[in-house]
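Here is the structure we will look at, set down as structure tokens.
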Amino acid sequence: MFEQSFKNIDNILHTDSGCGTELDYVEQTSWILFLKYLDDLEETKKTEAELSGRLFDYILQSEYQWNNWACPKNGDGKLDHNKALDGDDLKDFVNDKLFPYLKKFRAEDPNTIEYKIGEIFHELKNKISSGYKLREILNTVDEMHFRLYEEKHELSHLYEAKIKNMGNAGRNGGEYYTPRPLIKTIVKVVDPKIGETIYDGACGSAGFLVEAYNYLTENQSKLSSNQMEILQNKTFYGNEIKSLAYVIGIMNMILHGIETPNIRHMNTLADNINDIQEKDRYDIILANPPFGAGIGREIQQNFPIKTGETASLFLQHFIKILKAGGRAGIVIKNTFLSNTDNASVSLRKLLLENCNLHTVLDLPGGAFQGAGVKTVVLFFEKGSPTQKVWYYQLNLARNLGKGNPLNEADLAQFVELQKVKADSDNSWGIGVNTIDQTTFDLSVKNPNKGYEATLREPKEILISINGLDRDAELILKDIDEIL
């Protein structure tokens, strides 16, 4: 229904001087789609109120409702060109009146859609420089309706595709996107239930929370009003530090049907984990935290194991904030399993002693498009020490890349074997008592493959490279003398 409309919007934005990247396309499409979605949502609620004999109050004042500023209609239901703003008049209204008005909603109760409206528009600005192009986009979006289930489903599907494109547009975007087949697989294995709280402390575009919501709703024949209330308000929680990712995350959840997402715009690592109390903990954690060194000392002071590696700090946070008996599925660099620095060794020891690390999924290179690192997924339960770790090494008959992305079929065997922790050519288990009790090395070493190269430390690799460079220099010198 909407695929061509999305393409038309992108084509218009592509010709506007204010929007230069895929990130801009997603950002600008988002606020317009949101206001149209909000209008349709209000009309649906108005109809429900009238059928039950209740009065209905619109969230937005009349002047700022879609049918009054964006696309006013005449008696035939067509665009009223005498009332519809265009060009500079439209741009000035959006920049000087609409956005300032919508930002004021931040003062409302955080658990309302009004507050989320304020949060979204406090972080965004209109980048569409041409009021005439904005008019074209508004007309295109006005033809899209989001009241039926099928319409909302297609909207959410296409919006996910836009987020994926944003994720592949560059490093900044890529931090927001985790391959959807991998997220779905992680959710299946962790198997959340209605009534459990689900948390992602680095939620980006909220992919894990959205897929958990889909999993919980698709596996139910019919949800009661109480179950829906629990899913809407008391299930999904997330934090995100980056403004655009935060806005996209809220938008993504709203467009998937969660009207008031519990996502906070904050730096998760800025909180001291010793301040976490039982009331702050969650039943389920699903996350792909960012990685990279460079975290300052002031942030490291919030953690017992001091390290500049972002993902290692997040892992400490996740272990601490998980409830006893709680379950987690977390993506992390594979070097975490073998690094010999004090922080990595201490963190592996902490994980094995405080949680049951029952499963490690080893992903091939290319699973994350554009990322130059290999990753693993850690599945664990908090409350009892690890006795045995079951490994699954995803070995595919093709190289992963943009033309051959990871898909759910690739992970189907893992999902089935993981249920019983069965051995196969790609899977095996090891007892924790058999690993080195000083380094707690958990490297992926498939016994069925005969020989697995141990991951080397960066310093060792650099020494090797320097040695090869010296050898090459000597060889070139000898050749030069011969010539």
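The rows are residues; the columns are (1) farther than 14 Å from Val360 by Cα; (2) modelled with pLDDT of 65 or more; (3) not assigned by TED's automatic domain parsing to the domain that holds Asp191.
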{"site": "Thr386", "(1), (2), (3)": "no, yes, no"}
{"site": "Tyr392", "(1), (2), (3)": "no, yes, no"}
{"site": "Lys402", "(1), (2), (3)": "yes, yes, no"}
{"site": "Leu406", "(1), (2), (3)": "yes, yes, no"}
{"site": "Ala412", "(1), (2), (3)": "yes, yes, no"}
{"site": "Val444", "(1), (2), (3)": "no, yes, no"}
{"site": "Asn466", "(1), (2), (3)": "yes, yes, yes"}
{"site": "Glu481", "(1), (2), (3)": "yes, no, yes"}
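Tell me, which residue of segment 386-408 that is in contact (Cβ under 8 Å) with a residue 40 or more places away in the chain and part of a loop (DSSP other than H, G, I, E, B) is farthest from Phe208 (Cα to Cα)?
Gln387
Can you name the residue in segment 205-241 that is without any contact (Cβ under 8 Å) to a residue 12 or more places away in the chain and in a helix (DSSP H, G or I) and, of all such residues, is farthest from Glu119 (Cα to Cα)?
That would be Glu218.
Taking the condition of being surrounded by fewer than 12 Cβ atoms within 10 Å (Cβ to Cβ) and within 20 Å of Asp425 (Cα to Cα), how many residues in segment 396-411 meet it?
So the answer is 4.
In segment 114-130, what residues are part of a helix (DSSP H, G or I), more than 21 Å from the chain's Cα centre (by Cα) and in contact (Cβ under 8 Å) with a residue 40 or more places away in the chain?
Passing the criteria: Glu114, Tyr115.
Which of the following residues is surrounded by fewer than 18 Cβ atoms within 10 Å (Cβ to Cβ) and either touching a residue at least 60 places away in the same chain (Cβ under 8 Å) or outside any helix (DSSP H, G or I) (or both): Pro304, Pro289?
Being surrounded by fewer than 18 Cβ atoms within 10 Å (Cβ to Cβ) and either touching a residue at least 60 places away in the same chain (Cβ under 8 Å) or outside any helix (DSSP H, G or I) (or both) holds for just one of Pro304, Pro289, which is Pro304.
Could you look through segment 239-254, keep only residues that are buried (at least 17 other Cβ atoms within 10 Å of the Cβ) and among the small types (Gly, Ala, Ser), and pick out the one that is modelled with the lowest pLDDT?
Ala245
Quick one: is Ile284 of a type in the set (A, V, I, L, M), in the same structural domain as Val432 (by TED's automatic domain parsing), in contact with a Gly (Cβ under 6 Å, 6 or more places away or on another chain) and outside any helix (DSSP H, G or I)?
no
Filter segment 201-254 for residues that are β-branched (Val, Ile, Thr) and more than 20 Å from Ile32 (Cα to Cα); which is nearest to the chain's Cα centre (by Cα)?
This residue is Val210.
One line per residue, one yes/no per condition, for (1) of a type in the set (D, E, K, R); (2) free of Cβ contacts under 8 Å to residues at least 60 places away in the same chain; (3) over 21 Å from His157 (Cα atoms):
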{"position": "Cys19", "(1), (2), (3)": "no, no, yes"}
{"position": "Trp31", "(1), (2), (3)": "no, no, no"}
{"position": "Tyr37", "(1), (2), (3)": "no, no, no"}
{"position": "Glu50", "(1), (2), (3)": "yes, yes, yes"}
{"position": "Phe56", "(1), (2), (3)": "no, yes, yes"}
{"position": "Ile59", "(1), (2), (3)": "no, yes, yes"}
{"position": "Lys78", "(1), (2), (3)": "yes, yes, yes"}
{"position": "Asn82", "(1), (2), (3)": "no, yes, yes"}
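Which residues, counting only those in segment 353-384, are surrounded by fewer than 14 Cβ atoms within 10 Å (Cβ to Cβ), in contact (Cβ under 8 Å) with a residue 40 or more places away in the chain and either within 25 Å of Tyr177 (Cα to Cα) or not assigned by TED's automatic domain parsing to the domain that holds Leu315 (or both)?
Hit for segment 353-384 is Val373, nothing else.
Of everything in segment 255-274 that's β-branched (Val, Ile, Thr) and in a loop (DSSP other than H, G, I, E, B), which residue is surrounded by the most Cβ atoms within 10 Å (Cβ to Cβ)?
The initial filter retains those residues of segment 255-274 that are β-branched (Val, Ile, Thr), namely 258, 260, 263, 268, 273.
Cutting the leftovers down to in a loop (DSSP other than H, G, I, E, B) gives us 258, 260.
On the way: Ile258: 21, Thr260: 18.
Filtering first and then ranking leaves Ile258.
Can you find a residue in segment 131-149 that is hydrophobic (A, V, I, L, M, F, W, C) and surrounded by fewer than 17 Cβ atoms within 10 Å (Cβ to Cβ)?
yes
Answer yes if at least one residue in segment 148-162 is touching a helix residue (DSSP H, G or I) at 6+ places or on another chain (Cβ under 7 Å), more than 14 Å from His256 (Cβ to Cβ), at pLDDT 70 or above and not acidic (Asp, Glu), and no otherwise.
There is no residue in segment 148-162 that is touching a helix residue (DSSP H, G or I) at 6+ places or on another chain (Cβ under 7 Å), more than 14 Å from His256 (Cβ to Cβ), at pLDDT 70 or above and not acidic (Asp, Glu).
Identify all residues within segment 383-427 that are farther than 20 Å from Lys449 by Cα, of a type in the set (Gly, Ala, Ser) and touching a strand residue (DSSP E or B) at 6+ places or on another chain (Cβ under 9 Å); write none if there are none.
Selection gives Gly383, Ser384.
The values are calculated or read from the model by the stated rules, or taken from the named source; none is laboratory data. Source: prediction; values computed, not measured. Cβ coordinates were reconstructed from backbone atoms using ideal geometry, including for glycine residues, and neighbour counts include every protein chain displayed.
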